[in-house]
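Colleague: A single structure is presented below for examination.
The values are calculated or read from the model by the stated rules, or taken from the named source; none is laboratory data. Quick caveat, the model's predicted, so the values are computed rather than measured. We place every Cβ from the backbone using ideal geometry, glycine too, and count neighbours over all the protein chains shown. Each accessible area value is taken on the protein alone, full model and side chains, heavy atoms only, with ligands, DNA and RNA left out. Shrake-Rupley method; radii C 1.70, N 1.55, O 1.52, S 1.80 Å.
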Amino acid sequence: MFQIYDENFNPVPLPTDAWGYGLRGLDFEISSTAQEVTEHSIPGLPGSIITGFRDSDREVNLRARLKVENTLDYRVKRDQVYAFFKRLGPFYVAEEQQDYKVLKVCVVESYQFERPENLRTFATVTIPLKIIGQPYWISRYKTTEFPEDLAFEMDIDFDKLTYQHSNKSSFDIFNAGTVPIKTIQEKNNCIITIDIKQSVTSFKLYDATDRYFEYNPSKDSNWSLVSGNKIILNGHYMTMNNTPIMERTNRYFLNLLPGDNIFTLEGLTNYTITFDFRFKFD
């Protein structure tokens, strides 16, 4: 069974009428992620050298059953299903057994119902889906709204799910997903907010890779911060009080590895930082 959600993560019912006739989900089929291999050959040497891998795509299908009253009703309900998916546009789909994670997809290929011989009140269909964006599941909930009962279901220590810290030299951000999060690619799916509560010219924020985001590496006094300033890192957008500040930084985008991520702040002692993001799963 599967559940469909719109782009705002609201459940979308499948088309059925008041008597229960219509479309019913049977299964959601998903393959593993394919990988593209980057390889090079060197003149004079046998074989090739593999220099990298890139996750590319995966096959996904919806399997469903259409319950109808008679032959006329079949044609009406069939056309309603065609119109439903065409008008739906991009949507999220989840397996009912793991409804905490969703995949963003749309229907672009043609599909057709199959009706068993001598059985006019049922039809089945396999609907191929096209993945939109990266080929990974994402969590339906962001970190700042993650339910405690869901953490228990996923076998995660809820005490690890703390995503707001204040006035610490270092702190832990737990990524419960299996895929590293490159924040540059995660506009609106990963928002880091830093509320400044002191006057400061420059500071550095180190992630778990030992690389760092630096505000004002040139130490320009015109770019100094004061209490009340708010820096927001949203994908490849960096703002301070809604003003773009990319040129005021070292242009480094933070990374979140699976598991524990120890962050360290240098040059800033009075602040509140919030990480609001979605986990990603293979």
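Colleague: If you take the square roots of the eigenvalues of the alpha-carbon gyration tensor of region 9-60 and sort them as a ≥ b ≥ c, do you get rounded (a/c under 1.5), prolate (a/b over b/c) or oblate?
Modeller: prolate
Colleague: Okay, moving on. Starting from the Cα gyration tensor of region 133-189, take the square roots of the eigenvalues, sort them a ≥ b ≥ c, and report rounded, prolate or oblate (rounded when a/c is under 1.5, otherwise prolate if a/b is larger than b/c, else oblate).
Modeller: Cα axes put region 133-189 in the oblate bin.
Colleague: Please list log₁₀ I(q)/I(0) at q = 0.10, 0.11, 0.21 Å⁻¹ for region 45-147, using the Debye equation with identical point scatterers on the alpha-carbon positions.
Modeller: Those come out to -0.45, -0.52, -1.13, one per q.
Colleague: Okay, moving on. Using alpha-carbon positions, what is the distance between the centroids of region 187-235 and region 85-103, in Å?
Modeller: The distance from the Cα centre of region 187-235 to that of region 85-103 comes to 35 Å.
Colleague: While we're here: Compute the separation of the alpha-carbon centres of region 246-282 and region 1-70 and state it in Å as a whole number.
Modeller: So the two Cα centres are separated by 31 Å.
Colleague: Here is a follow-up. How large, in percent, is the carbon and sulfur part of the accessible surface of region 156-282 at a probe radius of 1.4 Å?
Modeller: 47
Colleague: Of the heavy-atom accessible surface of region 1-148 (probe 1.4 angstrom), what whole percent is carbon and sulfur?
Modeller: Looking at region 1-148 in its full context, I get 48 percent from C and S.
Colleague: How big is the Kirkwood radius of the chain, worked out from every pair of different alpha carbons and given in Å to one decimal?
Modeller: The answer is 22.2 Å.
Colleague: Right, next: With a probe of 1.4 Å, find how much accessible area region 141-258 has per residue, and write the answer as a whole number in Å².
Modeller: So region 141-258 comes to 51 Å² accessible per residue, rounded to a whole number.
Colleague: Using amide H atoms built in the peptide plane, which far-off residues or other-chain residues are under 5 Å from C190 H to H?
Modeller: Under 5 Å from the amide H of C190: G235.
Colleague: Collect residues whose amide H, placed 1.01 Å from N in the peptide plane, falls under 5 Å from the amide H of E69; neighbours closer than 5 in sequence don't count.
Modeller: Y74
Colleague: Also, I was wondering about something else. Peptides 161-167, 229-235, 189-195: what's the order by average Cβ count within 10 Å, highest mean first?
Modeller: 189-195, 229-235, 161-167
Colleague: Let me ask another. Spelling out what I want: for every residue of region 241-250, take phi, set θ = phi - 60°, compute 6.51 cos²θ - 1.76 cosθ + 1.60 (Karplus), and round to whole Hz; glycine and proline get x.
Modeller: Listing the rounded values in order: 6, 6, 9, x, 10, 3, 5, 8, 10, 8 Hz.
Colleague: While we're on this one: In whole Hz, with x marking every Gly and Pro, tabulate ³J(HN,Hα) for region 142-149 from phi via Karplus 6.51 cos²θ - 1.76 cosθ + 1.60, θ = phi - 60°.
Modeller: Result, ordered by residue: 7, 4, 6, 10, 5, x, 5, 5 Hz.
Colleague: For a quick check of understanding: with a 1.4 angstrom probe and all protein chains in place, what accessible area in square angstrom does K130 have, to the nearest ten?
Modeller: Near enough 100 Å² of accessible area.
Colleague: Any chance you could look up the accessible area of R278 with a 1.4 Å probe, heavy atoms only, rounded to 10 Å²?
Modeller: Here the accessible area works out near 30 Å².
Colleague: Could you pull out every residue, at least 5 positions away or on a different chain, whose amide H is within less than 5 Å of the one on D282? Hs are placed 1.01 Å off N in the peptide plane, and Pro or chain starts have none.
Modeller: For D282, whose amide H was placed from the backbone, the distant partners under 5 Å are T178, V179.
Colleague: Add -39500 (n - 2.57) for each DSSP H run of 4 or more in the chain, then divide by its residues: what number comes out at 222 nm, to the nearest 500 deg cm²/dmol?
Modeller: -2500 deg cm²/dmol
Colleague: What accessible area per residue, rounded to a whole number of Å², is obtained for region 85-129 using a probe radius of 1.4 Å?
Modeller: That works out to 57 Å² per residue.
Colleague: While we're here: Could you order T143, T38 so the one with the most accessible surface comes first? Probe is 1.4 Å.
Modeller: T38, T143
Colleague: Is the C-alpha gyration tensor of region 113-271 telling us rounded, prolate or oblate? Criteria: a/c under 1.5 is rounded; beyond that, a/b larger than b/c is prolate, otherwise oblate.
Modeller: Prolate is the answer for region 113-271, as a/c is 1.5 or above and a/b outweighs b/c.
Colleague: Moving on. Dividing the convex hull volume of the Cα atoms of region 152-243 by its residue count, what figure in Å³ per residue is obtained?
Modeller: Expressed per residue, the convex hull around the Cα atoms of region 152-243 is 127 Å³.
Colleague: Right, something else. List the relative contact order of region 139-256 as a percent without decimals, with contacts defined as Cα pairs under 8 Å and 6+ residues apart.
Modeller: 27 percent.
Colleague: I want the local charge near F28. Using Cβ-Cβ distances under 10 Å, sum +1 for each Lys or Arg and -1 for each Asp or Glu among the other residues.
Modeller: Overall, the nearby charge balance is -3.
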